[in-house]
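No lab work stands behind these numbers, since they all come straight from the coordinates. Everything numeric here is computed off the predicted structure, so don't read it as measured data. Quick reminder, even Gly has a Cβ in these numbers, built from the backbone with ideal geometry, and neighbours come from all protein chains shown.
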Amino acid sequence: MSIWIVGTGTMAAAYLSVLRELGVEPLVVGRTAATCHRFAIEHGVQVFDRGVVRARAEYPLPSAAIVATSLESLATVATELLKTGTKRLLVEKPAALTANEVLELSRLADERSASVFVGYNRRFYASVAKAREVIAADGGVLSCHFDFTEMVSRVLDQGLSDEVVKNWFVANSTHVVDLAFHLAGEPLSMTAHAARPLPWHPNAAFVGHGVTANKALFSYHSDWESGGRWGLEICTPARRLIFRPIEKLHQMAKGGFAVEELAISDTDDLRFKPGLLRQCEAFLFGTGADHLMTIAQQADRFGIYDAIRYGQTHGS
């Protein structure tokens, strides 16, 4: 199996670790000689430093590729890979920063008969796997509530580009939004409100509610100018499941007030970046592949993402 990792940053290193655990030694592709050299020395891996197009001229077509570049470059690099003939891609979330970019990427994947997936690794957390088991046993989701409050100081201290911080909800907060709808069902309709624009982001406060295709009611409330943290609560006929933090799973049984932690098999999440090993197993070997998000699904989701961040009604 010939696998490329495109990118030489932190996420590329995280993917390299799990691929090696799975017995796969990839070719790493970057663009900056100094960065590529440093990555090769640090991780003991072959790194090509002249980009995807030139790599394709010097190496056979890979079986699959993982795109783990900067947020601004994800869609561009994925497009280059598709145009060079690569048929199977895993692109780090959110795959693109704008609706037009993700729609074009989806169109190109369809045109080239390629399978493109978006790397929302929280779908593969041990806590989420356990929650799926519990939800199925309980008879489904009745309702859910989620919070994607961001710590503004941490966002602005990272030295990110204006383009990334302007789209920070899509770039980062959608981890929580995606997980909520992954478990509760795709939203059919939603009433959304957003307020208090920031100099660098469309809004700072977000409140909304709606119903999913599984007939589960959902709500959310996030305020980036106040306190808070990411969280998700799922109500089933038997209990309330609580993800806060999302790496852990707690429950409050129906008819009681006690909150208890559920045991999960999280050894891999402690050894590697959480969720990444199981996500790569799904991408490369098909184990749990139905939990992967496709690029077409992400293109559909952008209507929801834009409705949340701009405070717009979505659906009927």
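Here is how the numbers come out for the structure above:
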item	result
GNM flexibility winner over the chain from Met151, Met293, Met190 (Cα, springs under 10 Å)	Met151
Sum of -39500 (n - 2.57) over DSSP H runs of 4+, divided by residues of the chain (222 nm, nearest 500)	-11000 deg cm²/dmol
The stretch 97-162: chymotrypsin sites (Phe, Trp or Tyr not before Pro) in DSSP loop, at most 16 other beta carbons within 10 Å	none
Dipole magnitude (debye, nearest 20) for the stretch 72-144, charges at Cβ of Lys, Arg, Asp, Glu	240
Values of log10 I(q)/I(0), in the order q = 0.14, 0.27 Å⁻¹, for the stretch 135-211 under a Debye, Cα-only, solvent-free model	-0.56, -1.39
Value of relative contact order over the chain, rounded to a whole percent, pairs C-alpha under 8 Å and six or more apart	18
Kyte-Doolittle mean at least -0.5, axial Cα span of 20 Å or more - DSSP H helices of the chain	295-310
Antiparallel DSSP beta bridges within the chain, percent to nearest 5	60
Low-density loop cleavage sites - trypsin sites (Lys or Arg not before Pro) in the stretch 32-131, where at most 16 other Cβ are within 10 Å (DSSP)	Arg50, Arg112
Principal axis box of the stretch 3-119, alpha-carbon based, largest edge first, Å	38, 27, 27
Between the stretch 234-248 and the stretch 87-134, the alpha-carbon center distance in angstrom	24
Inter-label distance for Met252 and His193, nm, one decimal - labels placed 7 Å from Cα along Cα-to-Cβ	2.3
Simple label model, 7 Å out from Cα along Cβ direction - Ala238 to Arg50, nm	6.0
Entry for Cα extents along the principal axes in Å (calculated from the structure that is shown) out of [x] 63, 42, 38; [y] 58, 40, 36; [z] 61, 49, 42	[x]
